[in-house]
Amino acid sequence: MAGVKPKTVVDVGANIGQFSVASSHLFDGVVIYPIEPDPCVSEELRKNVGTLIAKNVKVMAVGDKNGVEIFHVNSDPQVSSLLPLGADRINSFPGSKVVEKITVPVTTLDSLFKGLTLKEPILLKIDVQGFEDRVISGAGSFLERVRWVLMEVSFSKLYEGERDFETILNLMKKHGFQFVRPMNFHFSPKTGEIIEMDGLFVRK
């Protein structure tokens, strides 16, 4: 994957384990830490990733502070978020609706991995539906150990309070990362426009 060969993968917003499972096949000898806030989804996540990875599953959200937050559970669990739905998400995906609001624990990456020895190099994957900048802001000294960040970034108002690509780009530059390339695009089913992409960043 674009020269990325991690020994540790931290999968923030793991959902049912799509990226964690793919990483276990792509990267030899990798240690994977899946993080998923929805307790119902995390049950399926544990089943999908297998025994070795399941022991590293963390059932919590990640942000820029420790505490608890309201989590908006969506009819499509892949787009559940700590943020309310934005106008573009509602217009482009009318079937995507919040079905429940639950309280979830929130931590920072800095707190979660403090004092824990991780094999390097580290790949940090972030797919948290508009909360990506908060994850980075709360990563602290942990982020200094990361070589690659694969992060979903938006070009539309998919969630209230979501930061746009330019803001994310500047934030990553501030932390010593440069944008390398898009890895995947997401399109609006109504207009065909690119609304999101998975962007790869590497430490300079």
Under 5 Å between amide H atoms, partner at least 5 residues away or on a different chain: which partners does Y33 have, H built in plane at 1.01 Å? V9, V10, D11
Relative contact order for segment 8-203, counting Cα pairs under 8 Å that sit 6 or more residues apart, in percent: 19
Run the paramagnetic zone check for D76: 7 angstrom along Cα to Cβ, then residues of segment 154-194 with backbone nitrogen under 16 Å. 154-160, 185-194
Could you pull out which residues in segment 149-167 have an amide N less than 14 Å from a spot 7 Å beyond the Cα of I90, following the Cα-Cβ vector? 157-161
Residues whose modelled amide H sits under 5 Å from the amide H of T108, counting only those 5 or more places away in sequence or on another chain, are G63
In nm, what is the difference between 0.36 nm times the number of residues separating K119 and E44 and their Cα-Cα distance? 24.3 nm
Rounded to the nearest whole number, the Stokes-Einstein translational diffusion coefficient of segment 1-102 at 37 °C and 0.692 mPa s (Kirkwood radius, C-alpha pairs) in µm²/s is 223
Using Cα springs under 10 Å in a Gaussian network model of the chain, which residue among L109, L169, L123 shows the largest mean-square fluctuation? L169
Excluding P37 itself, calculate the net charge of residues whose Cβ lies under 11 Å from the Cβ of P37, where each Lys or Arg counts +1 and each Asp or Glu counts -1. -2
Near the amide H of G199, under 5 Å away, which other amide H atoms are found, from residues 5 or more places off or on another chain, if H is placed in the peptide plane? M151, E152, V153, M183
Qualifying GluC sites (Glu not before Pro) in segment 150-204, DSSP loop, other Cβ atoms within 10 Å at most 14: E160, E193
Label-point separation (nm) for N56 and K173, each offset 7 Å from Cα along Cα-to-Cβ? 3.3
So what are the radius of gyration and Dmax for the Cα set of the chain, in Å? 16.0, 47
If the elastic network links every pair of Cα atoms under 10 Å, which of P37, P84, P189 fluctuates the most in the Gaussian network model of the chain? P189
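Values quoted throughout were computed directly from the atomic coordinates according to the rules given, and no laboratory measurement underlies them. These numbers were taken from a predicted model, which means no experiment stands behind them. Neighbour counts are summed over all protein chains in view; Cβ atoms, including those assigned to glycine, are modelled from backbone coordinates with ideal geometry.
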